[in-house]
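Visitor: Take a look at this one; I'll ask things after.
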C-alpha cells in the first residue's frame, strides 16, 4: 500500500496504515480469535485470497501482527496481534459504538459483561484520576513529535 496522506495529522497517518479496504477488518478478525488464513477468509465473505494474503503481509510489515508457521507441508501460518495491534481494541469498540448510534441497521452492541447493559465510551485522566469529558486536541511542538 502506498502512503495516501502526507498531512501532519495522527488520523491521516493512522489511515495510511489501517485505512485501506479490508485492512482493519482483517486485524479485527485476528482480534476476535480467527488466527489462520482459512478462518479469516471464511469470516470475511467477499475478500479474495490474494487480497487477504496481501493485507496479512502488510499488517505484519507494519508491526500490527506476527506470523508463526504451524504446518510445513503445505506451509501454513497462524497470526497474532502485536501490542500495537492489540491497541486497536479501543478503535474497534469506538467504531462499534459509533455504528450503534448512527447506522440505520446495527448488527452489534457492546455491553458490560456483568449486567448486560450497554456501555458508552469514556476518557480517563490518570493525573486527575477520574473520567473527563472536557477534551482538547493540541498540536505537539516539533521537538516532541516522535519519529
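The values are calculated or read from the model by the stated rules, or taken from the named source; none is laboratory data. Since this is a predicted model, take the numbers as computed values, not measurements. Because the Cβ atoms are built from the backbone with ideal geometry, glycine has one as well, and the counts that use them run over all protein chains shown.
Visitor: Check every one of the strands (runs of 3 or more DSSP E) wholly within segment 33-147 and list those with 2 or more residues that are closer than 28 Å to residue 9 by Cβ and over 17 Å from the mean Cα position of the chain (by Cα).
Guide: 123-125, 130-132
Visitor: Between residues in segment 1-22 that are touching a residue at least 24 places away in the same chain (Cβ under 8 Å) and residues that are surrounded by 12 or more Cβ atoms within 10 Å (Cβ to Cβ) and assigned to a helix (DSSP H, G or I), which pairs lie under 6 Å by C-beta distance while being six or more apart or on different chains?
Guide: Pairs that qualify, where the first residue is touching a residue at least 24 places away in the same chain (Cβ under 8 Å) and the partner is surrounded by 12 or more Cβ atoms within 10 Å (Cβ to Cβ) and assigned to a helix (DSSP H, G or I), are 1/58; 18/24; 22/55.
Visitor: Let me ask you something else. Taking segment 109-130, which residues are under 11 Å from residue 97 (Cα atoms) and surrounded by 10 or more Cβ atoms within 10 Å (Cβ to Cβ)? Before the answer, list the steps.
Guide: Within segment 109-130, the first condition is being under 11 Å from residue 97 (Cα atoms), and the residues that meet it are 109-111, 118-121.
Result: 109, 110, 111, 118, 119, 121.
Visitor: Can I ask one more? Within the bounds of segment 113-131, is there any residue that is closer than 29 Å to residue 2 by Cβ and either touching a helix residue (DSSP H, G or I) at 6+ places or on another chain (Cβ under 9 Å) or without any contact (Cβ under 8 Å) to a residue 60 or more places away in the chain (or both)? Explain how you work it out, then say what you get.
Guide: Step one: filter segment 113-131 for residues closer than 29 Å to residue 2 by Cβ, giving none.
Looking for residues that are closer than 29 Å to residue 2 by Cβ and either touching a helix residue (DSSP H, G or I) at 6+ places or on another chain (Cβ under 9 Å) or without any contact (Cβ under 8 Å) to a residue 60 or more places away in the chain (or both), one finds none in segment 113-131, hence no.
Condition check ((1) closer than 22 Å to residue 19 by Cβ; (2) modelled with pLDDT of 95 or more) across all residues:
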{"residue": "93", "(1), (2)": "yes, yes"}
{"residue": "102", "(1), (2)": "yes, yes"}
{"residue": "112", "(1), (2)": "no, yes"}
{"residue": "117", "(1), (2)": "no, yes"}
{"residue": "121", "(1), (2)": "yes, no"}
{"residue": "128", "(1), (2)": "no, yes"}
{"residue": "132", "(1), (2)": "no, yes"}
{"residue": "138", "(1), (2)": "no, no"}
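Visitor: Among the numbered criteria (1) surrounded by fewer than 10 Cβ atoms within 10 Å (Cβ to Cβ); (2) touching a helix residue (DSSP H, G or I) at 6+ places or on another chain (Cβ under 6 Å), which one does residue 79 miss?
Guide: Against the list (1) surrounded by fewer than 10 Cβ atoms within 10 Å (Cβ to Cβ); (2) touching a helix residue (DSSP H, G or I) at 6+ places or on another chain (Cβ under 6 Å), residue 79 comes up short only on (1).
Visitor: It is to be established whether one or more residues within segment 52-67 are in contact with a strand residue (DSSP E or B) (Cβ under 7 Å, 6 or more places away or on another chain), over 20 Å from residue 17 (Cα atoms), touching a residue at least 40 places away in the same chain (Cβ under 8 Å) and surrounded by 13 or more Cβ atoms within 10 Å (Cβ to Cβ).
Guide: No, the conditions are met nowhere in segment 52-67.
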